[in-house]
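Report on one structure; see the data block that follows.
Rule-based calculations on the coordinates, nothing more; no lab input. As the structure is a prediction and not an experimental result, all values here were calculated from the model. Cβ coordinates were reconstructed from backbone atoms using ideal geometry, including for glycine residues, and neighbour counts include every protein chain displayed.
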Amino acid sequence: MSRMFCIPGIIFLFCAFVLSILVSISLPFLPALDIARAHMNGNALINGDTVNEIRFGVWAECTYKDDGSRICGDAGHGYSTSISDTNKDANVIISGSWTRGLAVHPVATAVTFIALLFSFSSHVTVTLIASILSFLAALLTLIAFAIDIALYAFLHHEIGKISSIQGSTDTAPGFWLTFVSLILLLLAGCTVCFGRRRDRMSGASSYPSYPMSSTTTKTPFWKRFRRN
């Protein structure tokens, strides 16, 4: 594959892989890279503690108190949490059915890594596989991003039910890193695919040249009619 197309494709895949793996680690290991968060002005009660913010990551949720201290739940697949006001007059539950799908993030990361490895090859068949894997990783990232949107929308809806906590919801850095990773994967797939197409076209347009024999001489036109 032409180096002009190979190098950008590798760069796109590498950047997408780095962003994807950061999001996949997420909470509770990287507190700043959550998917969605809710601010509740210190009026919410979660797990018996009065908190003013809760963040949702791929593997766990973390709550923050007024003094800035952080409490994270046990890391696991499909966690759930309950949010209520301090008087326990209203209560909402973010169940595991809304967080279980976040596990698609590490799956997309694994496929992205495999596509990155295949993209280093100059073999036509291997680059085709790299292009297919890039689009597959983009599809999985799109599914993960849709799950992120669903979690944010559901959290926004549930927090709005408890008017006394004066809550507000926001998308978090992990949400937008997933979106950027999706764009990079689409660019990588197209770059690798177009590079392979260009390589095939350049190979089809080249023809073998055969040198003329030095012993072969062509008879001039006027000597064909000369009498012997």
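Of note:
- The three principal axes of the Cα atoms in the range 1-94 give end-to-end lengths of 66, 26, 19 Å, sorted in falling order.
- Taking amide H atoms as placed 1.01 Å from N in the peptide plane, the amide H of residue 46 lies under 5 Å from those of 51, each 5 or more residues away in sequence or on another chain.
- Anisotropy class assigned to the range 135-174 is prolate, per the alpha carbon gyration tensor with a/c at or over the 1.5 cut-off and a/b larger than b/c.
- 18 Å tail of the calculated P(r), the range 42-111, as % of Cα pairs: 42 percent
- For the range 111-195, projected area of the alpha-carbon convex hull averaged over all directions, nm²: 5.8 nm²
- Entry for the range 106-147 at q = 0.22, 0.24, 0.25, 0.33 Å⁻¹: log10 I(q)/I(0) = -0.62, -0.70, -0.74, -1.03, Debye formula applied to identical alpha-carbon scatterers, no solvent contribution.
- Karplus-based coupling profile of the range 175-189, in residue order and whole Hz: 4, 7, 5, 5, 5, 5, 4, 4, 4, 5, 5, 5, 5, 5, x, with θ = phi - 60° in 6.51 cos²θ - 1.76 cosθ + 1.60 and x standing for Gly or Pro.
- For the range 104-197, the list of chymotrypsin sites (Phe, Trp or Tyr not before Pro) that fall in a loop by DSSP and count at most 16 other C-beta atoms within 10 angstrom reads 120.
- Diagonalising the gyration tensor over the Cα atoms of the range 26-162 and scaling each eigenvalue by 5 before taking the square root yields semi-axes of 38, 14, 10 Å, largest first.
- The Kirkwood hydrodynamic radius of the range 17-58, based on inverse pair distances between different Cα atoms, is 11.2 Å.
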